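Asks: My questions will all concern the structure given below.
Please treat every number below as a calculation from the coordinates, not as lab data. Everything quoted here is computed from the prediction, not taken from an experiment. Positions of Cβ are generated from backbone atoms using ideal geometry, with glycine treated the same way; all protein chains shown enter the neighbour counts.
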Amino acid sequence: MTLAYRPGSGVFHRRDPRAKLALQAAFAVTAFAHTTPVGLALLTPLAAAAPRLAGASVRDALGEFWLALPFLLLGPAVAGLTLGPPWFEVDPAFAAALASYRVLLVLLVSAAYVYSTPVRDSRAAIRWLLPGKVGAATGVGVALVFRFLPVLQGDLAGRRDAVDARLGTERSLRERLRLVAVGGLNRAFERADRLAVALRARCFAWNPTRPPLAYDDADWAATAGALALAVAAFA
């Protein structure tokens, strides 16, 4: 799996990218404002429903972040460790667990946005929000991230498979991580150099033709939901 746009006809696919950005931002603000177990429990159904509304599953979305999951899982254990008696404290570990779970919920909603939004639409929404060259530069940055992330994910997965095929499973975890990371970074730098050459060869322009953006009733309803979430964040 790669974190990239998936063509479809889901509920999120039919929404304006500006409405989806508003929902995503409001959800993140609310998740970081309400850090109690009750608050996160109330947000969990929304986060779980987001990938399904984008034509994917929660399992698919979680699989996109397999590199981050070990850190989110180990974070609470590390936070609770102490250098002396009692050796482990529950309160710091519990706080770290809530923080990890909060990040996980935000990642699910972010994956739903990426699944349901073409890169061109995201770039057009950013340029609508930030006019002028600032918006143009930001839109290009967002577009490059969305297009490069699936490629880099594929490179890392290919590198990992290559290491495993050469008896990498018999090496230590540290050695395997080093081989995959170094190879992945080298590949990323090579792709960045090729991208720079390609942009120059194509006379990179500040004002490409943007797709039309139009709100409908469902988009206004989504925006109202985003406003309700934002109000709840400060309630």
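Asks: How large is Rg/Rh for region 1-114, to two decimals, with Cα atoms and a Kirkwood Rh?
Replies: 1.06
Asks: State the three equivalent ellipsoid semi-axes of region 52-97, derived from the C-alpha gyration tensor as the square roots of 5 times its eigenvalues, in descending order and whole Å. Numbers along the way, then the final one.
Replies: Details: eigenvalues 208, 21, 5 Å².
Value: 32, 10, 5 Å, ordered largest first.
Asks: Something else about it: State which helices in the chain qualify, where a helix is a whole DSSP H run, it must extend 27 Å or more along its own axis by its Cα atoms, and its mean Kyte-Doolittle hydropathy must be at least 0.5.
Replies: 90-116, 132-165
Asks: To continue, here is another question. Just to confirm a number: summing +1 for Lys and Arg and -1 for Asp and Glu over residues other than D193 whose beta-carbon lies under 15 angstrom from that of D193, what do you get?
Replies: Net charge in that neighbourhood comes out at +2.
Asks: A further question on this structure: Give the residues of region 1-29 whose amide nitrogen is closer than 19 Å to a point set 7 Å from the Cα of D164 in the direction of its Cβ.
Replies: Output list for this probe position: 1-3.
Asks: A further question on this structure: Based on alpha-carbon centroids, what's the gap between region 1-71 and region 157-176 in Å, whole number please?
Replies: That distance is 31 Å.
Asks: Of the residues F27, F12, F65, which exhibits the maximal mean-square fluctuation in a Gaussian network model of the chain defined by a 10 Å Cα contact cut-off?
Replies: Maximum fluctuation in the GNM of the chain, among the listed residues, is at F65.
Asks: Excluding A49 itself, what net charge comes from residues whose Cβ is under 15 Å from its Cβ, given Lys and Arg +1 and Asp and Glu -1?
Replies: +3
Asks: Sum -39500 (n - 2.57) across every DSSP H segment of at least 4 residues in the chain, then divide by the residue count to get the 222 nm mean residue ellipticity, nearest 500.
Replies: Using -39500 (n - 2.57) per qualifying helix, the result is -25000 deg cm²/dmol.
Asks: In whole angstrom, and with the biggest value first, how far do the Cα coordinates of the chain range along each principal axis?
Replies: Answer, in whole Å and largest first: 60, 50, 32 Å.
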